Structures are given as structure tokens and as C-alpha cells.
1. Which net charge results for the neighbourhood of Thr88, defined as the other residues with beta-carbon distances under 15 angstrom from its beta-carbon, given Lys and Arg at +1 and Asp and Glu at -1?
2. Helix 188-217 versus the longest principal axis of the chain: what is the Cα-based angle in degrees, 0 to 90, to the nearest 10?
3. Can you give the percent of C-alpha pairs in segment 1-117 whose distance is more than 22 Å?
4. In segment 131-189, how does Rg compare with the Kirkwood Rh, expressed as the Rg/Rh ratio over alpha carbon atoms?
5. Rounded to whole Hz and in sequence order, give me ³J(HN,Hα) for segment 181-186 from the Karplus expression 6.51 cos²θ - 1.76 cosθ + 1.60, θ = phi - 60°, writing x for Gly and Pro.
6. Work out the charge dipole of the chain with +1 on the Cβ of Lys and Arg and -1 on the Cβ of Asp and Glu about the Cα centre, then indicate which of Leu192, Ile7, Gly46 is farthest towards its positive end.
7. Given H placed 1.01 Å from N in the peptide plane, which residues other than close sequence neighbours of Gly90 have an amide H under 5 Å from its amide H?
8. What value, in deg cm²/dmol to 500, does the helix sum -39500 (n - 2.57) over DSSP H runs of n ≥ 4 give at 222 nm once divided by the residues of the chain?
Amino acid sequence: MSDWNRIWPQLLDATWETLYMVGVAALVTVLLGVPLGVLLTVTAPGGLAPRPLLHRLVGLVVNLGRALPFIILLVLVAPVTRGIVGTTIGSTAAIVPLTIGAVPFLARLVETSLREVAAGKVEAALSMGARRRDVVRTVLLPEARPSLVAGITVTVVALISYSAMAGAVGGGGLGDFAIRFGYQQFRTDITLATVVLLLVIVQALQWAGDRWARSLAHA
């Protein structure tokens, strides 16, 4: 029991580090991923502003970002992380690769959500004289809100998984805690406790996201 009295405060600190990493990375990912998804949608063939070359170029970058395993991305973007944060160790440094890995993922989900909006609503807005950017703001995004929220929720859950992998290379958080105190010290109980805590966080976020998406769908 005395051993766990020593471990609990460190587990709590690791939990806050994970929430900090995921929270900041999720915010930046939404700010970058949603506009990128909109760009993919409007520049696609048959979109509001078709730009085949630009669409292919952006799509290639997004696909490369999605295809690259996150553990490899951590190593590849280390110079970028060091240039922005000044170090590659710690929870703040982990935010950079987390964001870079999640933005392409969310962009594709946003593109899929916007494509599901009925073409008739877009055509109706254009026929009434709405500008293209106004169609995005007043038709595409509002109509796709439930699906967008669902996509953001999936992305945040993926960020939690990414943050656990970041712990393997000194990123801090629950992943780092599980490795240092559980795996390296052969403490199965600590590893299981960390896994259960991660599952609780994921379940809570998924429940909140699903409920928000349903409320928007019925609005």
C-alpha cells in the first residue's frame, strides 16, 4: 500500500501531462485540419472551386502524412520539434509531432463529412447569389456539424493513442509512466492501472463526443 501511495501522485501527474498534450494538440489540429479539409473539398473535381493540380498536391501531402507510422514521424520531425520548442523531450515537445500526425487524419474526415452534404442545398445557395466562401460558411459547415464533431472525436481518441506512443521516446504522459514504472520494473499492476485509466479517458471522450454530435443532429 505504501508503494502505491508513492506512485499515485506520479500517476496523477502523468494523467495531467497526457490531457495537456492531447488538449493542445487537438485544438491546433482542429484549427489546421478543418481548413485543410475544406480546401480538399472545394478544390476537388466538381467542387465549388475546382483546382485539379492543387487538389492532387494537397491530397498527396495528406496521404503521406496519414500513411507514415507515428513512431517514425516522431523521429523524422525531431529537428522541427527542436526548432519550435527547443527540445525533443517532454510533453510540450510531444505536441508538435502529435499535431503533425493528426492534421492529415482530421482533414480527410472533414473532407468526407463535407461531401455528404446534399448537393441540392449547395446549388440552391449558389442560385440565390451566395458567394463560394459564403456557401462554405453558411451551408457546408453548418450542415456537416454532427459529422464534423464525430470526426473530431475520433481524432482526439487517436491523439490519446499517439500520446501513449510518444511516451516511448520521452514524450511524458501515461505512456512514459507505463514504460518506466510498469514495463521496466516488471510491475504488471501498474501497467494494468495505466491501461484502465486510458480506457476510462477514451470512453469519456467518446461518450461526450457522441452526445454532442447527436444533439447537433437533432437541432
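The values are calculated or read from the model by the stated rules, or taken from the named source; none is laboratory data. Here the structure is a predicted model, which is why all the values come from computation and not from measurement. Neighbour counts are summed over all protein chains in view; Cβ atoms, including those assigned to glycine, are modelled from backbone coordinates with ideal geometry. Each accessible area value is taken on the protein alone, full model and side chains, heavy atoms only, with ligands, DNA and RNA left out. Shrake-Rupley method; radii C 1.70, N 1.55, O 1.52, S 1.80 Å.
1. Net local charge, Thr88 excluded: 0.
2. Compared with the principal axis, the helix lies near 20 degrees.
3. For segment 1-117, the fraction of Cα-Cα distances above 22 Å is 46 percent.
4. When Rh is taken as the Kirkwood radius, the ratio is 1.38.
5. Couplings: 9, x, 5, 6, 9, 6 Hz.
6. Toward the positive end, the furthest listed residue is Gly46.
7. Under 5 Å from the amide H of Gly90: Gly171, Gly172.
8. Rounded to the nearest 500, it is -25500 deg cm²/dmol.
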